[in-house]
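One structure below.
The values are calculated or read from the model by the stated rules, or taken from the named source; none is laboratory data. Predicted, not measured: the structure shown is a model, and the values here were computed from it. Reconstructed Cβ throughout: ideal geometry from the backbone, glycine too, with neighbour counts over all protein chains shown. The area values use the complete protein model at the heavy-atom level, side chains included, leaving out ligands, DNA and RNA. Shrake-Rupley method; radii C 1.70, N 1.55, O 1.52, S 1.80 Å.
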Amino acid sequence: MCVCGNKQEFSECCEPIITKKHSPRTPEALMRSRYSAYVTANGAYLVYSAAKANRYANDIALIEEFSNSVEWLKLDVLKIIDNQVEFKAYYRDKEGIQILHERSNFIQEEEEWKYSEGELFNAKVERNEPCPCGSGKKYKKCCA
C-alpha cells in the first residue's frame, strides 16, 4: 500500500511521479504525491511541484527538517472539485497528533499539474473518532 493511502504499492503509485518518470494526471494524484514527498522528506520534489511563482529553493531544507521531525500517520482525501482537493493529513509531533486540513488549489503549467496555494482550516482529532494511528480504537482510548 502506498503511503498516500492508495492500494497500489509506493513504487507504482507516487514514486514514479516524485521521481518525474510520470507526470501526475490529476490534481488528486499531485496532492497524493506531495503528501508522499512529505512522508519521505523529499523537499526538492515539493518545491518542484509548486507553481513557478511559489518556488523557493531555500524552502527545501526547511521542508525536510519539518518532515523528519514528525511521524506521518495517514491522509484522508475529503473532497475533489475540479482543480481543488480538500484533505486532512495526520501526523504526530512532540505535542501529540496534529491535523493539517487544507483545501489545495492546483494549476497547469507547461501541461503539468502544479500546487498553487491552499486554504488552511483549524482541525483537531475528536475524542470519539477512530485514532489516526491506525490502532482501530477510538482516539480517547488510544493516543489522546
Of the residues in segment 103-113, those that are touching a strand residue (DSSP E or B) at 6+ places or on another chain (Cβ under 6 Å), in contact (Cβ under 8 Å) with a residue 60 or more places away in the chain and not aromatic (Phe, Trp, Tyr) come to Ser104
Those residues of segment 108-135 which are more than 26 Å from Arg25 (Cα to Cα) and assigned to a strand (DSSP E or B) amount to Phe121, Pro130
Does Ala53 satisfy the condition of being modelled with pLDDT under 95, surrounded by fewer than 21 Cβ atoms within 10 Å (Cβ to Cβ) and either in a helix (DSSP H, G or I) or among the aromatic types (Phe, Trp, Tyr) (or both)?
-> yes
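Okay, residues lined up against (1) open to solvent by less than 50 Å² (accessible area, probe 1.4 Å); (2) assigned to a loop (DSSP other than H, G, I, E, B); (3) at pLDDT 95 or above:
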{"position": "Glu65", "(1), (2), (3)": "no, no, yes"}
{"position": "Glu86", "(1), (2), (3)": "yes, no, yes"}
{"position": "Phe106", "(1), (2), (3)": "yes, no, yes"}
{"position": "Lys140", "(1), (2), (3)": "no, no, no"}
{"position": "Cys143", "(1), (2), (3)": "yes, yes, no"}
One residue from Ile60, Ile99 being open to solvent by less than 30 Å² (accessible area, probe 1.4 Å) and more than 18 Å from Ala29 (Cα to Cα) = Ile99
Evaluate the following for Ala41: is it in a helix (DSSP H, G or I), under 18 Å from Leu100 (Cα atoms) and aliphatic (A, V, I, L, M)?
-> no
In segment 4-38, which residues are in contact with a Leu (Cβ under 8 Å, 6 or more places away or on another chain) and part of a loop (DSSP other than H, G, I, E, B)?
-> Cys4, Gly5, Pro24
Among all residue pairs at least 6 apart or on different chains, which show Cβ distances below 8 Å where the first residue, located in segment 79-102, is farther than 12 Å from Glu119 by Cα and the second is acidic (Asp, Glu) and not in a strand (DSSP E or B)?
-> Ile80/Glu28
Can you name the condition, by its number, that Glu71 falls short on among (1) in contact (Cβ under 8 Å) with a residue 12 or more places away in the chain; (2) surrounded by 13 or more Cβ atoms within 10 Å (Cβ to Cβ)?
-> (2)
Per the list (1) touching a strand residue (DSSP E or B) at 6+ places or on another chain (Cβ under 8 Å); (2) of a type outside the set (Gly, Ala, Ser); (3) within 27 Å of Asn122 (Cβ to Cβ), residue check on Lys52 breaks on (3)
Filter segment 1-33 for residues that are touching a helix residue (DSSP H, G or I) at 6+ places or on another chain (Cβ under 6 Å) and not β-branched (Val, Ile, Thr); the one that is most open to solvent (accessible area, probe 1.4 Å) is His22
List every residue pair whose Cβ atoms sit under 9 Å apart, with the two residues 6 or more apart in sequence or on different chains, where the first one lies in segment 23-50 and is at positive phi and at pLDDT 95 or above and the second, anywhere, is in a helix (DSSP H, G or I) and of a type in the set (Asp, Glu).
-> Ala41/Glu64; Ala41/Glu65
